[in-house]
Amino acid sequence: MVAASPLDPDVVLWSAPVDERGDRPLLVLLHGYGSNEEDLFGLVPHLPAEYVAVAVRAPLAPRFPMPGYSWFTIDGVESRDPAEVTASAHAVWEWIDKVRGDAASVGLLGFSQGGVIALQMMRMRPRDAAFAVNLAGYAFPEPAAGDAELAEVRPPVFWGRGARDEVISARFVDHTAEWLPGHVDLSGRVYPNLAHSVSAEELNDVRVFLEKQLATPKG
């Protein structure tokens, strides 16, 4: 069993100071492989202001010479360690439990590896994540303990990806396209001219999705 590495609280980026958070919904931003907390934090001005957005740094360092941080090790095109994926997802939940305060809900938004972690977190605790946004990521192809419960709860998930994305293996994409509809309330889009990135068009769709979650009563 791989032990969960704790997140570094000193590098977390918040969109609002403590005295302005109150019971506003929390939106946790999970960056991709070789990146850091500053990456997705740049999206905050384009997201609904009702959320308190918080960007965290992944606990692992990619193999040299890749810069930045990672949620799990990539060994070859398709090799990933399920224990590392689960450990990182657990580490984020452990951190959230300490800092969420009076937040009305917790939503997850991840890019690439961060999208994998967002879905894995939802699979671990299906009733604790209000929704997930998975950008250029996928559902990890190993069963998770909460999958059956997730299929009952069916929380909202937005999955966006580019048709020209050559980073994510077709095997992972095909698995995700088959797996998600049976476990979540799925919405999303494939963007014809998009590679492994986020476009303005996709960002607008994410904003619409997030606004819809604000209008949906929780619980």
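A few notes on this one:
- Computed per residue of the chain from DSSP H runs no shorter than four, each worth -39500 (n - 2.57), the mean residue ellipticity at 222 nm is -9500 deg cm²/dmol.
- Residues of the stretch 82-116 with amide N under 20 Å of a point placed 7 Å along Cα→Cβ from Glu142: 82-94, 112-116
- Distance between modelled label sites at Leu203 and Glu20, nm, 7 Å Cα→Cβ extension: 2.0
- Charged neighbours of Glu37, selected by a Cβ distance under 14 Å, balance to -3 (K, R count +1; D, E count -1).
- Note on the stretch 83-219: with neighbouring protein chains present and a 1.4 Å probe, carbon and sulfur make up 49 percent of its accessible heavy-atom surface.
- Which of Ser197, Ser70 is most accessible, then next, and so on - probe 1.4 Å: Ser197, Ser70
- With contacts taken as Cα pairs under 8 Å at a separation of at least 6 residues, the stretch 1-115 carries a relative contact order of 39 percent.
- Whole-number percent relative contact order across the chain, with pairs defined as alpha carbons under 8 Å at least 6 apart: 18
- Taking a ≥ b ≥ c as the square roots of the Cα gyration tensor eigenvalues, the stretch 60-193 comes out oblate, since a/c reaches at least 1.5 and a/b does not exceed b/c.
- Environment charge of Leu186, counting only residues whose C-beta is closer than 12 Å and scoring Lys/Arg +1, Asp/Glu -1: 0
- Taking the stretch 1-67 and dividing mean pair separation by its residue count, relative contact order in percent (alpha carbons under 8 Å, at least six apart): 43
- Å² of accessible area per residue within the chain, as computed with a 1.4 Å probe and no ligands counted: 47
- Under the simplified labelling scheme, the Glu211-Asp185 pair shows an inter-label distance of 1.8 nm, with each label point 7 Å from Cα along Cα→Cβ.
The values are calculated or read from the model by the stated rules, or taken from the named source; none is laboratory data. Being a predicted model, the structure only gives us computed values, none of them experimental. No Cβ is skipped: glycine too gets one built from the backbone with ideal geometry, and neighbour counts run over all protein chains shown. Accessible surface areas use protein heavy atoms only, side chains included; no ligands, DNA or RNA. Shrake-Rupley method; radii C 1.70, N 1.55, O 1.52, S 1.80 Å.
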